[in-house]
1. When Tyr263 is evaluated against the numbered criteria (1) out of contact with any helix residue (DSSP H, G or I) (no Cβ under 7 Å at 6 or more places or on another chain); (2) among the hydroxyl-bearing types (Ser, Thr, Tyr); (3) under 18 Å from Ala250 (Cβ atoms), which criterion, by number, is the only one it fails?
2. Just to be sure I understand, how many residues within region 105-142 are closer than 30 Å to Ala322 by Cα and either modelled with pLDDT of 85 or more or more than 18 Å from the chain's Cα centre (by Cα) (or both)?
3. For region 74-102, name all the residues that are more than 25 Å from Gly54 (Cα to Cα) and not in a helix (DSSP H, G or I).
4. Kindly evaluate Asp29 against the criterion of being part of a helix (DSSP H, G or I), at pLDDT below 80 and out of contact with any Ser or Thr (no Cβ under 8 Å at 6 or more places or on another chain).
5. Looking at region 189-261, what helices (runs of 4 or more DSSP H) fall wholly within it and have at least 1 residues that are in contact (Cβ under 8 Å) with a residue 24 or more places away in the chain, in contact with a Pro (Cβ under 8 Å, 6 or more places away or on another chain) and basic (Lys, Arg)?
6. Could you say whether any residue in region 305-327 is surrounded by fewer than 17 Cβ atoms within 10 Å (Cβ to Cβ) and under 18 Å from Asp46 (Cβ atoms)?
7. Determine if region 294-304 includes at least one residue that is closer than 22 Å to Ala163 by Cβ, outside the structural domain of Ala102 (by TED's automatic domain parsing) and free of Cβ contacts under 8 Å to residues at least 40 places away in the same chain.
8. How many of the residues in region 136-161 are in a strand (DSSP E or B) and basic (Lys, Arg)?
Amino acid sequence: MKKQRKILFLILLVAGTLLDWSSSQQKQDVDLYTIGIVIANEDRKDKVAGLKAGLQSLGLSEGARVQYVPVYLNAVQTLEEERSLVQDLISKKPDVIVTTGAHETFLIQQETTMVPIVFIGVASMAELPLVETEGTVTCGISNGQMNVIGKRLELTTRLLPDANRFLVIADSHAPTTEQAIVEAQSAAASLGIRLQVKQVASPKDLEQLLSGLSPGEYDAMLPLPSYVLEDALIDCLPLLIEKQLFVMGAYPEQVKAGLYAAYGVSFHAQGMQAAHMVARVLDGVPPTALSIEWPNDVRLAINATSLSKLPITVTDQQWSLAQEWYGVRNK
């Protein structure tokens, strides 16, 4: 009798274990979230890397808890083709769609009011006219660019105290340009410096403008918020060196690629911060309950090797302004 009870106990134990395993498997299947990601260009891949690292640290590992469906808009040429890619993504019914900038976000907003959207890095809410409308499903991380225009000018004057010829470059197609020009002019007035503003419509326009400058014609250049300009500056780096033109950029990634200096928050850090917001949305928190967040880690980055190619001397005190350094300082 005791033997029978022992066998029955073992049977019940095995059955219970199998039941727990089955329930665990079903729960795991239920919790495999689908995250759509819309990316305008390859340069924003660090935002995605930061997002994945952030979600991994929160226990949402790829393959076990989440699966990603990326959409690269640079794979197509026209707005109609971009919309087709976005519509295909929405048809897959993702739990949330993550966008890496204003253009991508607006595309999604035009196609759905049902799928939650978390954006990574938008300069101003003026870029997203639907973001504040009633019933919006959009939230995300601001890149803070509109708020640091004055700080970028100030840091430029601290790195180049003798500079008095400032060129401001604006993207004529960017929806924030008019506001950004006002911000730059206001900051310049406070600093006692004068700006010359020139607008470009494409990377080719920027290249042509820089080609027409004489070496030393301007002491420094400040690009206003525009993802087109951010990408084009790196391509124009040989021209910038030839024209002896210092540039204060927007992201540490630009400095890592060779630009002289930048003040802003890195793409990777933006993605890491956005991961917490994505996790809350997946946990059932409606985007309407989440505020648009300011970036956590704004910093000045300097490339010593690139700066050494300009006819300037950076002192130890000026060098200490930076929180991130690249290249090798000349002794």
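The values are calculated or read from the model by the stated rules, or taken from the named source; none is laboratory data. Keep in mind that this is a model prediction, so the values were computed, not measured. Please note: Cβ atoms are built from the backbone with ideal geometry, for glycine as well, and neighbour counts cover all protein chains shown.
1. Exception for Tyr263: condition (1).
2. Total meeting the criteria: 6.
3. Passing the criteria: Val76, Gln77, Thr78.
4. Numbers: part of a helix (DSSP H, G or I): yes; at pLDDT below 80: yes; out of contact with any Ser or Thr (no Cβ under 8 Å at 6 or more places or on another chain): yes.
The answer is yes for Asp29.
5. On the way: elements: 203-211, 227-235, 237-242, 252-256.
Here the list is empty.
6. yes
7. yes
8. Restricting attention to region 136-161, the residues satisfying the condition of being in a strand (DSSP E or B) are 138-142.
Within this subset, residues satisfying the condition of being basic (Lys, Arg) are none.
Counting residues in region 136-161 that are in a strand (DSSP E or B) and basic (Lys, Arg) gives 0.
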